Amino acid sequence: MTVKPRKVLEKIKPYSPGKPIWELQEELGLEKVVKLASNENPLGPSPKGVAAISERLAELNRYPDADTAALKEAISGKLDVSKQQVIVTNGADELITLISEAFLDVGDEIVVPSPSFSEYDFGADLMGATVVPVPFDEGFQFNVQKMVDAITDKTKLLYICSPNNPTGTYLAKADLETLLNAVPERVLVVFDGAYSHYATAEDYTDGIEFVKTGKNVLVLQTFSKIYGLAGLRVGFGVASEGIIQTILKVKEPFNVNSIAQAAAKAAILDEDHVNASKEANASGAKELYQAFSELGLNYVETMSNFILLQLGSDAEKLYNELLAKGVIVRYGKIWGLPEYVRVTIGTKEENEFFLNALKEVLN
């Protein structure tokens, strides 16, 4: 190629999603495949969201609302913040990229607990910034002091994913408050609460309360998980009006399609679906915990809709053997965890199918 790409692209690797069901079926000729790799809602999309999609199909000749006004109204009403404090994006991934484009220059740094969601690194790499990883303590627990100590004069962003992907561990409210008080005002704390709806710990916070008190934090959330709208790509951020206005300068117009806006507006009010999803997740987690314990396997207790499972030195071999039996989980080598797999909590039937396959490959 004669046209040379940007030098920063040398260190960027395309995102590697979990293998889709159809691909494994075609590859191995399998009739039944269970996908427990991408932390999708096994109960499906919000019924209210689906109904809203049907109502908007006849209007697809019109451009979507570039300001996402109706959806921002619904989000702000649900969270008790102003519309000016909300930005809606094409999935949370786009928001992470926009944050990077808005705040990072070449040579800047971001601080990220490690291992965590790879898109934080992608956004930094794209802008020529440096990622400063902060390893978790034993049991994949956050260490606030280590994160604070990692901040330098070059630090612009500090990411917290809580509950964290892929570990399922969380940062307690008191620890987040300590962190926000210690971080310099020139550093934006991005609190990724994509899995916040699943958290059950009494000392958990989704971070919104700190936005309301004026802390220098942006809370990121998504409609892909609890609301079951992963296929539509809708995410949003909540922060001070000044931070939101800065990010809007780099946002593309019409970035969220009209179907996605309508579905998300309806889904955020679908309490029945949210509650059913929480209950199914809690029940599924208990089933999997019990089975893992009976099999003598170590796992990390989760505040999310997935479980990090330790399979030992044979993890990659067992992962491939599970694929051959029609079970897709996520192999942990991509996070530097070669002895682990991440297992999404599925329906009762999906969990049983996975556990039967797991028992077979272990034996």
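Which condition breaks for ILE21 when tested against (1) farther than 21 Å from TYR195 by Cβ; (2) modelled with pLDDT of 95 or more; (3) among the aliphatic types (A, V, I, L, M)?
Result: ILE21 fails condition (2) only.
Which pairs turn up if I take residues in region 175-190 that are under 15 Å from ASP153 (Cα atoms) and look for partners that are assigned to a helix (DSSP H, G or I) and among the acidic types (Asp, Glu) with beta carbon separation below 8 Å, at least 6 apart in sequence or on another chain?
Close Cβ pairs (under 8 Å, with a partner that is assigned to a helix (DSSP H, G or I) and among the acidic types (Asp, Glu)) do not exist here.
I'd like the full set of residues that are within 17 Å of the chain's Cα centre (by Cα) and over 17 Å from PHE223 (Cα atoms), limited to region 181-199.
Scanning region 181-199 gives VAL189, VAL190.
Working carefully through the options ALA102, ALA51, ALA58, find the one that is more than 21 Å from PHE223 (Cα to Cα) and either surrounded by 13 or more Cβ atoms within 10 Å (Cβ to Cβ) or within 24 Å of the chain's Cα centre (by Cα) (or both).
Unique residue meeting the criteria: ALA102.
Which members of region 120-155 meet the condition of being part of a helix (DSSP H, G or I) and under 20 Å from ILE243 (Cα atoms)?
Hits for region 120-155 are TYR120, GLY123, ALA124.
Here's a check for you: in region 121-161, which residue that is open to solvent by less than 10 Å² (accessible area, probe 1.4 Å) and touching a residue at least 40 places away in the same chain (Cβ under 8 Å) is nearest to GLU40 (Cα to Cα)?
Within region 121-161, the match that is nearest to GLU40 (Cα to Cα) is CYS161.
I'd like to know if region 345-357 contains one or more residues that are touching a residue at least 60 places away in the same chain (Cβ under 8 Å), assigned to a strand (DSSP E or B) and open to solvent by less than 60 Å² (accessible area, probe 1.4 Å).
No: region 345-357 contains no residue that is touching a residue at least 60 places away in the same chain (Cβ under 8 Å), assigned to a strand (DSSP E or B) and open to solvent by less than 60 Å² (accessible area, probe 1.4 Å).
Residue by residue, here is whether (1) under 21 Å from GLY44 (Cβ atoms); (2) crowded, with 19+ Cβ neighbours inside 10 Å holds:
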position: ALA262; (1), (2): yes, yes
position: GLU279; (1), (2): yes, no
position: PHE306; (1), (2): yes, yes
position: GLU316; (1), (2): no, no
position: GLU321; (1), (2): no, no
position: PRO338; (1), (2): no, no
position: VAL343; (1), (2): yes, yes
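Is it the case that region 208-221 has a residue that's surrounded by 23 or more Cβ atoms within 10 Å (Cβ to Cβ) and outside any strand (DSSP E or B)?
Going through region 208-221, the residues surrounded by 23 or more Cβ atoms within 10 Å (Cβ to Cβ) turn out to be 217-221.
Filter again for outside any strand (DSSP E or B), leaving none.
So far as region 208-221 goes, no, none of its residues is surrounded by 23 or more Cβ atoms within 10 Å (Cβ to Cβ) and outside any strand (DSSP E or B).
So which of ALA201, ALA174, ALA129 ends up being aliphatic (A, V, I, L, M) and in contact with a helix residue (DSSP H, G or I) (Cβ under 8 Å, 6 or more places away or on another chain)?
Every option except ALA129 fails the conditions.
The values are calculated or read from the model by the stated rules, or taken from the named source; none is laboratory data. Everything numeric in this text was worked out from a predicted model, so none of it was measured. When we count neighbours, we look across all protein chains shown, and the Cβ atoms used for this are built from the backbone with ideal geometry, even at glycine. Accessible surface is based on the protein model in full, side chains and every heavy atom, while ligands, DNA and RNA are left aside. Shrake-Rupley method; radii C 1.70, N 1.55, O 1.52, S 1.80 Å.
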